[in-house]
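Report on the following structure.
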Amino acid sequence: MMKKNNEFTQEDFIKLDYKNTHILKRFINENGKIIPQRVLNTTRVGQTKLAKAIKQARFLSLI
């Protein structure tokens, strides 16, 4: 089984918020869908926080 490497650095993980759209845009494709965890090789906790931030930004029309 492959070990998951977290693409987020420690400071990115702290800045992972719906207001930082330039960080969130790296993790969505051209159609606006969230790139899956198996492609990004992120941890479950990281992917959950990422998805929550992206969904909040979508709701507020920031992305």
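Between LYS49 and ASP17, the contour length at 0.36 nm per residue exceeds the Cα-Cα span by 10.7 nm.
Using the alpha carbons alone, the radius of gyration of the range 10-59 stands to its Kirkwood radius in an Rg to Rh ratio of 0.92. What the phi angles of the range 39-47 give under the Karplus curve with 6.51, -1.76 and 1.60, with θ = phi - 60°, is a coupling list of 7, 6, 6, 9, 6, 5, 5, x, 5 Hz, glycine and proline written as x.
Under a 5 Å amide H cut-off, with hydrogens placed 1.01 Å from N, ASN20 pairs with nothing among residues at least 5 apart or on other chains. The dipole here belongs to the range 10-59: it is taken about the Cα centre, uses +1 on the Cβ of Lys and Arg and -1 on the Cβ of Asp and Glu, and is about 180 debye.
Quick one: length gained pulling LYS33 to PHE59 fully straight, 0.36 nm per residue minus the C-alpha distance? Net length gain for the segment: 8.0 nm.
All of the numbers you see were taken from the coordinates with simple rules; none came from a lab. Please read these numbers as outputs of a predicted model, since none were measured by experiment. Because the Cβ atoms are built from the backbone with ideal geometry, glycine has one as well, and the counts that use them run over all protein chains shown.
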